[in-house]
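Derivation of every value follows stated rules applied to the coordinates shown; laboratory data play no part. Note that the coordinates shown come from a computational prediction; the quantities given were computed from them, not determined experimentally. Heads up, the Cβs are rebuilt from the backbone with ideal geometry, glycines too, and the neighbour counts pull from every protein chain shown.
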Amino acid sequence: MTRALRAVSRADIVVLVVDVSREPAKQDAKLAALAEERTKAIVVVFNKWDLVEDPAQAREAIEEEFLKVYPFLDHAPRLYASAMTGSGVQKILPTCERIYREYARVIPTPELNKTIHALLNRVRPPATKSGRHLKFYYAAQTGTKPPTFALFVNNPRYRYQNYVSYLENGLREHFGFEGSPIVLDWKRSH
């Protein structure tokens, strides 16, 4: 496990290989959580797909169980492969290349602000218990690998986690960022 932890720390993209012939391992969950915590891009590969008798039914069950165990990886692409037969293996590297481009993607500031304003107009930020509202002034991308955005607002304490999730999902819906975490850095501005 220590070697895997060091590898995650050095990596830009983590390929999480899950053995479909057994129950999800605690080690898999720890590595996935570590990749998310360290803001690494991630690709999930379900291996030993050749052992599955009914692929359509198994895929549905695996997807459902995966999202229960790893809800924070709903943005990660999921591939089905067999190292034994080679089936699906050819998709792993092209997927990693695509995810890396998302991880290193730069969004022009005007386009970012236009998108965030559209999201804010679609669903207004909820008021705090004291009736105050989060006011958005502007945003700028401050980094890549992972995509990091500074959001300048009246008071960062006025944000609610469900609204932060709404903005993250809206940015994914508009720009992609498949397999990549998004970091929103809330800053106070006047």
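Per-structure values
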read-out	value
Count, lysine Cα pairs under 24 Å in the chain, 8 or more residues apart or across chains	20
DSSP bridge pairs, the stretch 53-190: antiparallel proportion in percent, nearest 5	50 percent
Under 14 Å, Cβ to Cβ, from R172 - net charge with Lys/Arg +1 and Asp/Glu -1	-4
Amide hydrogen neighbours beyond the local backbone of V18, cut-off 5 Å, H modeled	V45, F46, N47
Summed side-chain charge close to L31 - residues other than L31 whose Cβ falls under 11 Å, Lys, Arg +1, Asp, Glu -1	+1
Theoretical gain in end-to-end length, S189 to E173 [0.36 nm per residue, Cα-Cα removed]	3.1 nm
Whole-number Å³ per residue for the convex hull built on Cα positions in the chain	142 Å³
Size of electric dipole in the chain: Cβ of Lys, Arg +1 and of Asp, Glu -1, about Cα centre, debye, nearest 20	1200 debye
Fraction of beta bridges assigned by DSSP in the stretch 109-188 that are antiparallel (%, nearest 5)	50 percent
Residue with peak Gaussian network fluctuation, the chain [Cα springs, cutoff 10 Å], from T115, T142, T128	T128
Centroid-to-centroid separation of the stretch 84-163 and the stretch 13-30 [C-alpha atoms, Å]	27 Å
